[in-house]
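Remarks on the structure that follows.
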Amino acid sequence: MAIRRIMELGQDDVLRKRARRVEKFDDRLAALLTDMAETMEAGDGAGLAAPQVGVLKRCCVVNVGEGLIELVNPEIVSREGEMTVIEACLSVPGRAGRVVRPERVTVRAQDRFGNPFEIHGEGMLAVCLCHEIDHLDGVLYVDRMIEDCTEELREKGAIS
Ligand code: NI
């Protein structure tokens, strides 16, 4: 397995394209998901979507500290509440911004074998699911940002 190169905003328009639905649940998909989890971990991220490693497939991985979740063809089927959070993205290094996200979401997806499942996310997990699913439609948090927090966090030493 391997750590893949992360595409950065402004370098590659793959981040701006709509990813295609996964139809084949094969070894290639399994390898992609495994590599994505490894790449996310190496980058100290809480989530990573396939377009970020240059692959236009609708899949992502998430880990907010409660274990790895792999999502193939994920869709948000319900959202509740609203909260303001600070987000960052491995494809937008060294920056952060405030975004309004739902407090709770329900996501329907498939696992790496094609089995359907549903996941309920609250707080950080809800944020992360929304952020990663946005990536599959070519949307980055900077598009939804209500305030850039880069300087604020830099002063606090939270980002370098
Ligand atoms: Ni991101």
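The values are calculated or read from the model by the stated rules, or taken from the named source; none is laboratory data. Keep in mind the model is a prediction, meaning the values are calculated, not measured. Please note: Cβ atoms are built from the backbone with ideal geometry, for glycine as well, and neighbour counts cover all protein chains shown. Areas reflect the complete protein model, heavy atoms only, side chains present, ligands, DNA and RNA absent. Shrake-Rupley method; radii C 1.70, N 1.55, O 1.52, S 1.80 Å.
Output the 0 to 90 degree angle, nearest 10, between the alpha-carbon long axis of helix 27-42 and the longest principal axis computed from the alpha carbons of the chain.
Orientation of helix 27-42: about 20 degrees from the principal axis.
Can you tell me the dipole magnitude for the chain around its Cα centre, using point charges on the Cβ only (Lys, Arg +1; Asp, Glu -1), in Debye to the nearest 20?
Using only the charged Cβ atoms, the result is roughly 520 debye.
How large is the translational diffusion coefficient of segment 93-160 in µm² per second when you combine the Kirkwood radius over alpha carbon pairs with Stokes-Einstein at 25 °C and 0.890 mPa s?
Working: Rh = 13.7 Å.
Estimated via Stokes-Einstein, D reaches 179 µm²/s.
Choose one of 90, 64, 10: the residue whose Cα lies farthest towards the positive end of the charge dipole of the chain (beta-carbon charges +1 Lys, Arg; -1 Asp, Glu; about the Cα centre).
10
Roughly to the nearest percent, how much of the accessible area of the chain is carbon and sulfur, given a 1.4 Å probe?
It is 46 percent, rounded to a whole number.
Listed highest first by mean packing, meaning other Cβ atoms within 10 Å per residue, what order do 21-33, 105-117 come in?
Details: 21-33: 14.3, 105-117: 16.0.
My ranking of the peptides, most packed first, is 105-117, 21-33.
Solvent-accessible area per residue for segment 13-155 at a 1.4 Å probe radius, Å²?
Numbers: 6860 Å² over 143 residues.
Using a 1.4 Å probe on heavy atoms only, each residue of segment 13-155 averages 48 Å².
Can you give me the relative contact order of segment 13-155 as a percent, contacts being Cα pairs under 8 Å and 6 or more apart? Provide the component values of the computation, followed by the final result.
Numbers: 288 pairs, mean separation 37.2, N = 143.
Relative contact order comes out at 26 percent.
Strictly greater than 24 Å: what percent of every Cα pair in segment 13-155 meets that?
25
If packing is taken as the mean number of other Cβ atoms within 10 Å per residue, what is the order of 71-81, 127-137, 2-12, highest first? Don't skip to the end; give the middle numbers.
Details: 71-81: 16.5, 127-137: 22.7, 2-12: 14.1.
Going by the mean number of other Cβ atoms within 10 Å, highest first, we get 127-137, 71-81, 2-12.
What number results when the radius of gyration of segment 1-88, computed over Cα atoms, is divided by 2.2 N^0.38 Å?
Working: Rg = 13.5 Å, N = 88, 2.2 N^0.38 = 12.1 Å.
Segment 1-88 yields a ratio of 1.12.
Angle between the Cα long axis of helix 124-135 and the longest principal axis of the chain, 0 to 90 degrees, nearest 10?
With both axes taken from Cα atoms, the answer is about 70 degrees.
Of 19, 121, 78, which is farthest towards the positive pole of segment 18-160's charge dipole, taken about the Cα centre with +1 and -1 on the beta-carbons of Lys, Arg and Asp, Glu respectively?
Projecting each Cα onto the dipole axis, the largest value belongs to 19.
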